Amino acid sequence: MTSTVTPAGASAVPQERRLVTAIPGPRSQELLARRNAAVAQGVSITLPVFVAAAGGGIVVDVDGNHLIDLGAGIAVTNVGNANPAVASAVAAQAAAFTHTCFMVTPYEGYVAVCEALNRLMPGDFEKRSALFNSGAEAVENAVKIARAHTKRQAVVVFDHGYHGRTNLTMALTAKNMPYKHSFGPFAPEVYRLPMSYPYRDAAEGLDPSGPAAAARALSVLDKQVGAQNVAALVIEPIQGEGGFIEPAPGFLGALAEYCTANGIVFVADEIQTGFGRTGNLFACESEGIVPDLVTTAKGIAGGMPLAGVTGRAEIMDAAHAGGLGGTYGGNPVACAAALAAIETIETGDLPGKARRIDELVRPTLDAIAERHDWVGNVRGRGAMLAVELVEPGTTTPAPQLAGAVNKACHQRGLVTLSCGTYGNVLRFLPPLVIGEDLLREAFALVSDAFDEVAKTLPAAEAAPKPQPDVD
Ligand code: PMP
């Protein structure tokens, strides 16, 4: 069945799945051999098809295969790949000028992106923003700003959290392999609190409610760190790499309240959850949480590298003149892309499209979980959905099953990703502009992939360890 995409994501790439070779095909295999000889092995690949074009909900490889995109480049191309509005804004800006460095001779695009972020972010107070190149850089700068503002040093983060791969953000990130192993020593004054993980809290006999989980976390903070030493609490409103863990209602609110009462800067890392992905513009909004600072990246600029820190003016302005910045931060081409992407997200009601994706996809995931007792939990929000796989009838993580289903999805022409502290979560992050027929076809194939793996369960369990997750 062919599919149309919404005008917001109108694409020159035909919106249909088409497999013309094995996955990966011969041309991709040739490129893979070149990659193996030229690229550092530390940079791993989830699905080794080399891309020739992409648009809307389709990725076209160099062998002519058309795959359905359920990854959006890890939650980046919310407006669709090569979105025409983004592409023409990029072309126009690249033809005008590509770089001056905002700190040397400024330009309007940077200011306009900051104005848009200040307007869109929750909170009815004066705000400021600063722009950077990557999510990790945004998180680092949020910590720098919070430390300058509070004159305190400690940063608290959470089990299963992911915040990047730079030295400070490796320290903030929970999972050792593959992100931290052999790369220490890490930055000091980072403390980790237990997360609200409703599925596993219940499995471990803990009270899974949000307030109870917050009480457990805050008791660790009180005992081991002391509120008066804490500059910032950094948390993903729904954890991404850690396994699409959605904290129980009331958890984030209790933490935010504690931060306000104790002069701690509450930083929401919305890098994966932002820009409509979860059905709101920002995930915090679903519970009415108003963070002091928000970090953004990924979906901000339709695939161009850009990131931001936005928040209360008095906190953002605490860093001294010249204390923040970087050569490329807020590059004019990336800013032009962001303005086009943000306009598309707003005028095309992409948060509404994320809610519609949830409505369409969740029943299929629930039905898969009904059929297979090795699907322990279906969760997520909007177009950020996941299933956690376990040993049949238990809550023991089963990463080998996630690897097997992922591979079966890839063979069917779907770009799918895994994640999770235990590597046992399959996650779905389609572009928000994906056509409904394409989405239905994709999840019928996901369903089929689960059924195929179910038939070969003992074999799947013996399968080799899956590739490490990407971020
Ligand atoms: N924070 C979160 C929540 C993320 O999901 C990521 C990337 N997966 C990052 C930070 C780091 O972003 P980047 O890869 O752009 O540095």
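Please get the size of the charge dipole for region 86-347, origin at its Cα centre, with Cβ charges of +1 on Lys and Arg and -1 on Asp and Glu, quoted in debye to the nearest 20.
Using only the charged Cβ atoms, the result is roughly 680 debye.
Quick check on the chain: of the DSSP beta bridges with both residues there, what percent are antiparallel, nearest 5%?
Once the DSSP bridges in the chain are tallied, antiparallel ones form about 70 percent.
Please label the shape of region 182-228 as rounded, prolate or oblate, based on the square roots a ≥ b ≥ c of the eigenvalues of the alpha-carbon gyration tensor (a/c under 1.5 means rounded; beyond that, a/b larger than b/c means prolate, else oblate).
Cα axes put region 182-228 in the oblate bin.
How big is the Rg/Rh ratio for region 169-326, C-alpha atoms only, Rh by Kirkwood, two decimals?
0.95
Using a basic spin-label model with each label point 7 Å from the Cα along Cα→Cβ, how many nm lie between E115 and S88?
Result: 2.2 nm between the two label points.
Given R₀ = 35 Å, FRET efficiency for T394-R34 by Cβ-Cβ distance, to 0.05?
0.20
Checking the a/c ratio against 1.5 first, then a/b against b/c, what shape does the Cα gyration tensor give for region 295-355?
Taking the square roots of the gyration eigenvalues as a ≥ b ≥ c, region 295-355 is oblate.
Can you give the relative contact order of the chain as a percent, counting alpha carbon pairs under 8 Å and 6+ residues apart?
Relative contact order here is 22 percent.
Considering the Cα positions of the chain, please state its Rg to one decimal place and its Dmax as a whole number of Å.
21.6, 63
Which of the lysines could a cross-linker bridge to K353, judged by Cα under 27 Å and excluding same-chain residues fewer than eight apart?
Output for K353: K298.
When the accessible area of region 183-332 is split by element with a 1.4 Å probe, what percent falls to carbon and sulfur?
Accessible surface attributable to carbon and sulfur in region 183-332 totals 55 percent.
Which residue, chosen from M170, I289, M304, occupies the Cα position most advanced towards the positive end of the dipole of region 86-347, where the dipole is computed from +1 (Lys, Arg) and -1 (Asp, Glu) charges on Cβ about the Cα centre?
With unit charges placed on the Cβ atoms, the residue in question is M170.
Under a crude label model (7 Å from the Cα following the beta-carbon direction), how far is A261 from F183 in nanometres?
The modelled label-to-label distance comes out at 3.6 nm.
How would you order 325-333, 14-22 from highest to lowest mean count of nearby Cβ atoms within 10 Å?
325-333, 14-22
If you filter region 165-214 for chymotrypsin sites (Phe, Trp or Tyr not before Pro), then keep DSSP loop positions with at most 11 other Cβ within 10 Å, what is left?
Those that pass, being in a loop and sparsely packed, number zero.
Roughly how many Å is it from the Cα centre of region 74-92 to that of region 107-186, as a whole number?
Cα centroid of region 74-92 versus Cα centroid of region 107-186: 24 Å apart.
If each residue of separation counts as 0.36 nm, what is the full-extension length gain between D366 and A52 once their alpha-carbon separation is subtracted?
Using 0.36 nm per residue and subtracting the Cα-Cα distance, I get 109.6 nm.
Let me have the relative contact order for region 347-426, percent, based on Cα pairs under 8 Å that are six or more residues apart.
RCO, region 347-426: 22 percent.
Find the Rg to Rh ratio for region 262-329, where Rh is the Kirkwood radius over alpha-carbon pairs and Rg uses the same atoms.
That ratio is 1.00, to two decimals.
Which FRET efficiency, nearest 0.05, do L206 and T21 yield, Cβ-Cβ r, R0 45 Å?
0.35
Over region 86-347, what is the percentage of antiparallel beta bridges among all DSSP beta bridges, to the nearest 5?
Of all bridge pairs located within region 86-347, approximately 45 percent are antiparallel.
State in Å² the accessible area per residue of the chain; use a 1.4 Å probe, count heavy atoms of protein chains only, and round to the nearest integer.
38
Using a simple charge model, +1 on the beta-carbon of Lys and Arg, -1 on the beta-carbon of Asp and Glu, nothing else, what dipole does the chain show about its Cα centre, in debye to the nearest 20?
Around 920 debye, computed over the chain.
So, in Å, what gap is there between the alpha-carbon centers of region 333-402 and region 243-310?
Here the answer is 17 Å between Cα centres.
Would any residue of region 140-169 have its amide N under 11 Å from a label point 7 Å out along Cα→Cβ of I45? List them or say none.
Answer for this model: none.
Compute the length gained on full extension between K223 and D448: take 0.36 nm times their separation in residues and subtract their Cα-Cα distance, giving the result in nm to one decimal.
Length gained between K223 and D448: 76.1 nm.
Rounded to the nearest percent, how much of the accessible area of region 8-103 (1.4 Å probe, protein heavy atoms only) is carbon and sulfur?
62
In debye, nearest 20: dipole of region 124-241 around its Cα centre with unit charges on the Cβ of K, R (+) and D, E (-)?
In total the dipole reaches around 400 debye.
The values are calculated or read from the model by the stated rules, or taken from the named source; none is laboratory data. Remember, predicted model here, so these are calculated numbers, not experimental data. Note that each Cβ is placed from the backbone with ideal geometry, even for glycine, and that neighbours are counted across all protein chains shown. Calculation scope for accessible area: heavy atoms of the full protein, side chains included, ligands and nucleic acids excluded. Shrake-Rupley method; radii C 1.70, N 1.55, O 1.52, S 1.80 Å.
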